[in-house]
Amino acid sequence: MRPLAETSASSAPAKSPPSEQNLRFILGLKLSQLRKQKGLPLKDVAARADLAISYLNEIEKGKKYPKPEKILALAKALGTTYDELVSLQLGEKLHPLSGVLKSGVLEEIPLEVFGLTPTGLLEMMAASPEKISALFDTFVKIAHRFDVTIEHLLLAAMRSYVEQNQNYFEDIELAAEKFRKEHEWARTQTPDLARLREHLTQRHGYTIDDAALAARPDLQDMRAVTFGAESQHPRMFLNSRLSLWQQAFLLAREIGYREMGLVEPMTTSPIVKVASFDQLLNNFRASYFAGAMLLDRHLLVSDLRQFFTRTQWDGNMLVAINRRYQATPEMFFHRLSQIVPRFFGLEQMYFVRFDHTRGTTDVRIGKELHYQRMHGTHSVGVNEHYCRRWVSLRSLIELDARRAREGSALIVAGAQRSRFYASNDEYFSISLAHPRSANPEMNSCVTLGFVMNDALKKSVNFWNDPTLPTSLVGDTCERCGIADCESRAVPALIRQREDRRARQLAALAQLQVER
């Protein structure tokens, strides 16, 4: 993908010809600006140019590019020339926006996900082009500093799309259930790997290779690679080092692409390169289909009801449910994050995965989703130390110690009530810490956190179990104001700097009053 750092509003013009989409954007923006400058309603210009109002509206929005004779008619209607309208120059007032268009960034960011169109966005930007140009230049410099790419923006947009939909998609749930019913696959808690392979090879002509990835040093970390997924004879390379459930998931995802007619599939797992937002969206939908097929919502809801009705926290029971489905803890919790809001009313929640390199203090967030008003952890600096009082980090510490004694085939469950020092928000969190199957030196912990509200207290009977710890927590040690914390890894340097600035501002305000 092209680095975002190349999207500067001051960057040199691209050597390649402008895209059709850019031509539509520029013409639409020019028409809209000229019409508004002259104070002409849409219907008047449409009448003068002998065009339908709806068609002119689509031209201004950058959706249509008219034929030359219609552009000439619009030029006459607006008192300008044909050459001026078709020129790629936006004029002095709009010139700072030309770099944005030439960069192609508006074509790659899925603005429609957020209810925007590129032309509509440009119209908002046109009111203060110099300020917007400076703003884009600032974004570019920040992006360059942190090596941000368009790919990162697409992934962020995908996460926002999932969060806005509460990570639950009824149409895909129904598609998975319809598939099972049509092929007479009974609901089971364990996947039938042989049947999944047979379906792809016999019905869809797949050739599945289990040896090639593991034999190539540069590809040993790949879970799967598929070539020609939309052809008559697709080739799928599956990593034999994966667990049976992981292999089943990847096979089920291929079935999801086929059953839902999703085009432009992702070639690799994990994702190496993103070609478009549609490709990312289709990968998500196919993956959701796989999760819905392998982790049946009806069976899960039944198991969760039994678990939540207990009056005491039982981590062993949660681990047993996870093992019953043979899913990785991450996939199991991710599926719970889809099920719990819809069927148990726990809509204010978050999902987060921490990764820990054994024998070190290196703990990083690998994945997170937030639903509604939730506490976000992605706002902190990359080198900061997350609060050691969180159940996630406590579980990782316990897992690291137990692995040295008991080996790697174990899962550590944890639960905790937490109150954040800075906001006073309270959460009930449950975690599963486990070794990473692909990397023996890495542990991970997945956590679901729920706001402590009436919905939680109604659905989860063990929320008030007196044996569970209640902790006052912070975001990171650097930002935490908790005094005498026994778990602090480093001093609260950011907090001290913020407090010092607050005192300075208060002193300045007092000085102004006294004068």
task = Calculate one ³J(HN,Hα) per residue across the stretch 273-278 by plugging θ = phi - 60° into the Karplus curve 6.51 cos²θ - 1.76 cosθ + 1.60, and present them in order as whole Hz with x for glycine and proline.
result = 9, 10, 8, 6, 5, 4
note = With a ≥ b ≥ c from the Cα gyration tensor eigenvalues, square-rooted, and the rule rounded for a/c under 1.5, otherwise prolate when a/b > b/c and oblate otherwise, the stretch 164-237 is prolate
ask   = What is the set of long-range amide H partners of ASP209 at a cut-off below 5 Å, with H atoms built 1.01 Å from backbone N?
value = MET236, PHE237, LEU238
ask   = Once amide H atoms are placed 1.01 Å from N in the peptide plane, what residues at a sequence separation of 5 or more from LYS367, or on another chain, have their amide H within under 5 Å of its amide H?
value = ARG353
task = Taking amide H positions as placed in the peptide plane 1.01 Å from N, state which residues far from SER471 in sequence (5 or more) or on other chains have amide H under 5 Å from it.
result = ARG417, SER418, ARG419
key: Euclidean distance between Cα centres, the stretch 24-83 to the stretch 470-515, Å   = 57
inquiry  = Could you give each residue of the stretch 282-294 its phi-based ³J(HN,Hα) in whole Hz, using Karplus coefficients 6.51, -1.76, 1.60 with θ = phi - 60°, and x for Gly or Pro?
reply    = 5, 4, 5, 5, 5, 5, 4, 4, 4, x, 5, 6, 8
inquiry  = Which of the three applies to the stretch 310-458, rounded, prolate or oblate, going by the alpha-carbon gyration tensor with a ≥ b ≥ c and a/c under 1.5 meaning rounded?
reply    = oblate
ask   = When ligands, DNA and RNA are left out and all protein chains stay put, how many square angstrom of accessible area per residue does the stretch 148-291 have with a 1.4 Å probe?
value = 48
task = Order the peptides 357-363, 426-432 from the highest to the lowest mean number of other Cβ atoms within 10 Å of their residues.
result = 426-432, 357-363
Highest-first arrangement of 397-403, 410-416, 501-507, where packing means the average Cβ count within 10 Å = 410-416, 397-403, 501-507
Solvent-accessible area, 1.4 Å probe, carbon plus sulfur percent, for the stretch 309-378 = 45
request  = Counting only heavy atoms of the protein chains, get the accessible area per residue of the stretch 298-378 (1.4 Å probe) and round it to a whole Å² value.
outcome  = 42
request  = Read phi for every residue in the stretch 446-455 and hand back ³J(HN,Hα) as whole Hz from Karplus 6.51 cos²θ - 1.76 cosθ + 1.60, θ = phi - 60°, with x for Gly and Pro.
outcome  = 9, 9, 10, x, 10, 4, 6, 9, 5, 4
Point-to-point label distance, GLN89-HIS152, nm (Cα→Cβ direction, 7 Å offset) = 3.6
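The values are calculated or read from the model by the stated rules, or taken from the named source; none is laboratory data. In this text the structure is predicted, and so the values were computed from the model without any measurement. Using ideal geometry, Cβ is built from the backbone for each residue, glycine included, and neighbour counts are taken over all protein chains shown. Keep in mind that these areas ignore ligands, DNA and RNA; they rest on the heavy atoms of the full protein, side chains included. Shrake-Rupley method; radii C 1.70, N 1.55, O 1.52, S 1.80 Å.
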